[in-house]
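The values are calculated or read from the model by the stated rules, or taken from the named source; none is laboratory data. As the structure is a prediction and not an experimental result, all values here were calculated from the model. Neighbour counts run over all protein chains shown; Cβ positions are idealised from the backbone, glycine included. Protein only, heavy atoms only, side chains kept; ligands, DNA and RNA dropped before computing areas. Shrake-Rupley method; radii C 1.70, N 1.55, O 1.52, S 1.80 Å.
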Amino acid sequence: MSITPPYPDLNEMAAVLGEAGRRLSDIGASEGAAGNISVFLGWPVEPRRLFPIAEPIELPVAVPELARGALLVTGSGRRLREAMQDPAANLGFVAVDEGGTTGRLFTSPRRLFDRLTSEFNSHLAIHRDQVRAAGSNFHAVVHAQPFSLTFLSHIPAYRDEAFLNRRLLRWQPEAIVNLPEGLGCVPFLVPGSDALMAATVESLRAHRITIWSKHGAVARSDQSVKRAVDRIEYAETAARYERADLTNGGQGEGLTADEIRAVARAFGIDQKIF
Ligand SMILES: [Zn+2]
């Protein structure tokens with residue numbers, strides 16, 4: 001899937017990231033400075049009206065497939081809920097150089113951060129992997145820390161993907177429609193590490209959202225930032241049902257496997273979870 005012209009301009013894209021941050025905050029998935037967002041833009045963008053200050057940077061991971069493209073990325077330590085008030089001050093624009101090992105970081109004079117998000121390596125690696133596979137000219141990655149999903153990942157049984165998905169996708173008929181591949185689950189790995197980056201890339205090949213155990217969730221979309229945020233919201237809502245059921249002694253029935261298979265058939269969903 002690719003975005004076709006006329007392309008959204010940088011002000012629109014920056015505003016979209018700000019709105020996404022606001023929504024993540026609204027659902028309790030972005031306390032303090034938690035969470036980060038980036039988008040890959042594979043069309044020519046002139047950043048200097050919004051981000052006039054340029055500096056060369058080394059990219060934390062080589063992304064030759066993203067060369068000549070650009071990324072809009074949240075700054076480290078910034079509050080996602082505040083990004084909407086002044087997107088330019090909270091975001092950086094990275095133009096990827098030929099070869100994909102270096103870039104130019106463009107920022108605003110009102111810039112409120114020193115570095116880009118500490119998870120920039122994972123963001124870059126996910127964009128690269130997805131763009132390489134699908135040839136898309138747009139890709140969004142969102143990391144947030146939704147309470148219920150993260151809480152469940154502290155319970156060992158929920159780190160098994162088959163168990164996790166059969167438990168979570170049983171609470172609403174739309175769940176299997178919205179998350180037909182279910183959720184992936186990556187074990188706990190140190191934030192910002194190469195190991196976390198590699199495991200996330202692998203998991204997001206088969207899923208559009210994955211859990212970072214004992215930490216949070218990462219979602220991707222080749223259509224819009226909002227779709228990635230929606231995936232986090234759908235998964236978090238499912239986890240809230242599940243957590244409620246755990247605390248009431250498991251009295252909830254949930255949709256049965258037969259009922260979920262009937263929904264999937266009716267909506268033409270190819271799924272392997274139930
Ligand atoms: Zn985090």
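The table below lists the values:
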{"read-out": "Test result for Ser221, surrounded by fewer than 21 Cβ atoms within 10 Å (Cβ to Cβ) and either modelled with pLDDT of 95 or more or more than 16 Å from the ligand (Cβ to nearest atom) (or both)", "value": "no"}
{"read-out": "Tally of residues being farther than 23 Å from His215 by Cα and among the β-branched types (Val, Ile, Thr) across segment 1-59", "value": "6"}
{"read-out": "Single match in Leu105, Leu72 (criterion: modelled with pLDDT of 95 or more, under 19 Å from the mean Cα position of the chain (by Cα), over 21 Å from Lys214 (Cβ atoms) and of a type in the set (A, V, I, L, M))", "value": "Leu72"}
{"read-out": "Condition check for Gly268: at positive phi, open to solvent by 40 Å² or more (accessible area, probe 1.4 Å) and either within 16 Å of the ligand (Cβ to nearest atom) or not in a helix (DSSP H, G or I) (or both)", "value": "yes"}
{"read-out": "Segment 29-63 - residue that is within 14 Å of the ligand (Cβ to nearest atom) and assigned to a loop (DSSP other than H, G, I, E, B) and, of those, surrounded by the fewest Cβ atoms within 10 Å (Cβ to Cβ)", "value": "Gly32"}
{"read-out": "Residue selected from segment 103-149 under the condition farther than 21 Å from Leu50 by Cα, surrounded by fewer than 21 Cβ atoms within 10 Å (Cβ to Cβ) and not small (Gly, Ala, Ser), by the criterion nearest to the ligand (Cβ to nearest atom)", "value": "Gln145"}
{"read-out": "Condition check for Glu181: over 24 Å from Ser30 (Cα atoms) and either within 16 Å of the ligand (Cβ to nearest atom) or loosely packed, with under 14 Cβ neighbours inside 10 Å (or both)", "value": "no"}
